[in-house]
Amino acid sequence: MGLGAFGTRLTGTRLTLAAASLLLTACAATPPTATPPTPPAPAVQEAQLPVAKPYEAKTPEAKTAALFHDLRADPVRLAMFLRRMPKGADLHNHLTGGIYAENMVAWAAASGGCADPKALVLKPAPCTGGLVSAADARRDVGLYNRLINSLSMRNHERGADSGHDHFFDTFSKFEPAVKSHVGDMLAEAANRAAASHVLYLELMWSNGMPKAAALAAPLGTPAPGTVAGDTATFDAWRTAIEPDLRAVIDTAKADTDAAEARMRQVLRCGTADAQPGCAVQIRYLAQVIRVLPAPQVFAQSLYGYALTAADPRFVGVNLVAPEDNPVALGDYGLHMRALRYLGARNPAANLSLHAGELALGLVPPEDLRDHIRLAVEVAGAKRIGHGVDIGQETGAQQLLRTMADRGVLVEINLTSNDVILGVKDRDHPITTYRAFGVPLALSTDDEGVSRIDLTHEYGRAAETYGLDYATLKAFSRNGLEHAFLPGASIWAAPGQLAPDCAVDQPGTAPSAACQSFLDRSPKAALQWRLEADFHDFEAAVAAEAETGLWGQGHGPKTTAKSPD
């Protein structure tokens with residue numbers, strides 16, 4: 001939404017394939033049936049169902065699930081549990097929006113940048129015309145706190161300044177201070193992911209996009225909705241732009257090299273003092289800004305596809321910026337047709353799209369009728385980000401079945417949808433998606449601006465929707481199954497390993513054939529690592545539960561009446 005390696009660790013203990021059978025469906029606790037799974041029961045009702053106590057459970061996974069059921073009513077212990085729980089991936093994470101404002105101000109101070117004490121924005125040097133140094137702003141506690149609030153959603157209250165407007169306004173307030181700190185941003189994102197036991201990040205980054213957009217400037221700035229989205233138009237635009245893309249790609253690759261080198265330096269990777277973020281795998285989505293004139297959006301998209309073909313670190317394309325922007329609304333169909341055109345020329349490319357990040361009242365009802373459908377059926381998106389207005393789509397039921405049949409994953413951003421759109425709790429469609437068997441994964445969107453992390457999103461999902469451990473485990477696995485990492489999946493089907501690993505048990509040392517398969521597939525190797533992490537986590541939690549380390553049997557007690 002915002003603008004803006006690892007080694008396979010194995011253990012010697014056996015992990016049953018029963019745990020793996022929960023893969024690829026967000027309704028992991030529901031047995032496979034011929035009809036759509038039943039929606040989850042409300043938390044109050046689910047809590048009334050009998051459940052085995054940890055000491056009665058037979059396997060570490062079952063003991064962990066039983067403990068989780070008990071902890072779900074205690075937000076503090078739930079957070080302790082979820083912090084340690086392995087999480088496969090964060091697939092919807094904007095690099096710039098993922099940075100906490102405190103670090104932005106610190107970077108501005110270190111580089112001699114400035115702060116505007118009235119507009120509460122960061123500015124480059126020199127600090128003249130009423131600007132103060134960012135270093136002085138850090139020392140002025142009152143100004144500093146107002147600045148942090150302005151650069152994020154901290155302490156924001158809905159009023160004349162809506163959550164939507166405040167959120168999107170933050171980017172223009174801090175981007176001048178962070179655009180030269182990409183490596184530092186990568187280090188922050190990696191370390192925060194590691195703290196939540198996330199193995200993989202797909203970070204949206206507009207590396208090179210301004211230069212790509214500039215290539216289309218001679219094509220003019222037609223009004224939204226006035227350009228024909230036909231093959232002849234796209235052919236003409238491509239012919240005008242394509243010859244100059246190589247220079248933009250070469251610069252972007254060099255910039256990525258420099259940013260990653262800085263990240264490794266900050267994290268001290270390869271040294272005895274390496275920080276946890278060094279173990280997090282990072283890939284990028286080429287982030288197209290869709291509120292520009294149509295030829296420029298096309299140029300960025302063309303460049304994005306070309307960049308994914310030229311640099312394996314860029315694994316897909318996405319269109320970003322407010323979906324309710326007049327340009328984004330007016331040109332939405334054109335954008336989808338352009339992506340279909342480009343996808344036909346680049347069939348190996350991956351596409352994830354922001355679609356349905358809208359709500360009734362933000363836009364007229366007519367603008368809620370087809371965005372997700374066009375993203376899936378016209379542009380060919382493999383994943384959808386947000387998807388909040390699915391219930392307003394024309395033919396929503398059939399669209400949901402199509403998404404389930406095609407395995408189109410929805411990247412669920414609970415906090416973001418709340419603070420921007422005001423959509424939360426029962427109004428959020430996560431339960432609807434689960435009812436139709438659409439695969440889901442939790443993600444952060446802009447964790448710095450929203451003041452969250454992925455652990456928070458897991459906790460919010462569990463508490464709000466009464467989700468059990470099996471469902472959250474499926475979400476975690478879905479993140480890697482639907483990641484745009486190269487290579488085959490470790491899973492041939494839910495609960496069934498790929499043929500080369502069919503005789504193996506995730507969490508144990510693989511056979512020679514399985515190891516060869518893992519060596520050929522970065523995706524499968526990371527999935528194997530996730531299963532090893534789940535094995536270790538569940539074994540540790542089960543042992544702790546047996547000893548009462550999670551506090552079982554130490555619930556509220558009646559305090560003796562004080563003597564008169």
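A few remarks follow.
- Pairwise label distance in nanometres, ALA254 with LEU360, each label 7 Å out on the Cα-Cβ vector: 5.4
- Packing-based order for 225-235, 248-258, using average beta carbon neighbours within 10 Å, highest first: 248-258, 225-235
- Förster radius 22 Å - calculated FRET efficiency between THR464 and ARG158 (Cβ-Cβ, nearest 0.05): 0.70
- Rounded percent of accessible protein surface that carbon and sulfur make up, the chain, 1.4 Å probe: 55
- Three principal axis lengths of the range 173-267 [C-alpha, angstrom, descending]: 49, 28, 27
- Projecting the Cα atoms of THR271, ASN207, GLY304 onto the charge dipole of the chain (Cβ charges, centred on the Cα centre) puts THR271 farthest toward the positive pole.
- Binning the alpha carbon pair distances of the range 229-327 at 10 angstrom intervals from zero yields the distribution 14, 35, 29, 15, 6, 1, expressed in whole percent.
- Positive dipole terminus of the range 379-441, leading residue within ALA396, VAL419, ALA379 (C-beta point charges): ALA379
- The spacing between the range 299-315 and the range 434-477, judged by their C-alpha centroids, is 29 Å.
- Candidate values [x] 38, 29, 25; [y] 97, 30, 19; [z] 37, 35, 23, label of the one derived for semi-axes √(5λ) of the Cα gyration tensor in Å: [x]
- When the listed pairs LYS118/LYS424; LYS211/LYS424; LYS118/LYS179; LYS173/LYS523; LYS382/LYS473 are checked against a 27 Å cut-off, the alpha-carbon distance exceeds it for LYS118/LYS424; LYS211/LYS424; LYS173/LYS523.
- Low-density loop cleavage sites - chymotrypsin sites (Phe, Trp or Tyr not before Pro) in the range 444-504, where at most 14 other Cβ are within 10 Å (DSSP): none
- Per residue solvent-accessible surface (Å²) - the chain, probe of 1.4 Å: 40
- Extension gain (nm, one decimal) between ALA309 and ARG246, 0.36 nm per residue minus Cα-Cα: 21.5 nm
- Chain lengthening between LEU549 and GLN496 when straightened (0.36 nm per residue, less Cα-Cα): 15.6 nm
- For the pair VAL76 and ALA272, a Förster radius of 41 Å applied to the C-beta separation gives a FRET efficiency near 0.75, rounded to the nearest 0.05.
- Packing around the peptides 267-279, 198-210, 300-312, taken as the average count of other Cβ atoms within 10 Å per residue, puts them in this order, highest first: 198-210, 300-312, 267-279.
- Theoretical FRET efficiency, 1/(1+(r/R0)^6), r = Cβ-Cβ of THR402 and ALA236, R0 30 Å, to 0.05: 0.40
- Environment charge at HIS335 (Cβ cut-off 11 Å; Lys +1, Arg +1, Asp -1, Glu -1): +1
- For the range 89-234, dividing the convex hull volume of the Cα atoms by the residue count gives 189 Å³ per residue.
- Fraction of antiparallel bridges per DSSP, the chain only, in percent to nearest 5: 20
- In the chain, a dipole from Cβ-located charges (positive for Lys and Arg, negative for Asp and Glu) runs towards its positive end, and of ALA338, LEU91, ALA502 it is ALA502 whose Cα lies farthest in that direction.
- Computed about the Cα centre, the dipole magnitude for the chain is approximately 660 debye when only Lys and Arg (+1) and Asp and Glu (-1) carry charge, each at its Cβ.
- Sum of side-chain charges, GLY437 neighbourhood, beta-carbon under 10 Å (Lys, Arg +1; Asp, Glu -1): +1
- Electrostatic bookkeeping for SER133 treats Lys and Arg as +1 and Asp and Glu as -1; over the other residues with beta carbon under 14 Å from its beta carbon, the sum is 0.
- Charged side chains reduced to their Cβ positions (Lys and Arg at +1, Asp and Glu at -1) give the range 491-545 a dipole of some 260 debye around its Cα centre.
- Within the same chain, aspartates and glutamates fewer than 8 places from LYS58 are excluded, and of the rest, those with a Cα less than 13 Å from its Cα are GLU538, GLU546.
The values are calculated or read from the model by the stated rules, or taken from the named source; none is laboratory data. As the structure is a prediction and not an experimental result, all values here were calculated from the model. Positions of Cβ are generated from backbone atoms using ideal geometry, with glycine treated the same way; all protein chains shown enter the neighbour counts. Protein only, heavy atoms only, side chains kept; ligands, DNA and RNA dropped before computing areas. Shrake-Rupley method; radii C 1.70, N 1.55, O 1.52, S 1.80 Å.
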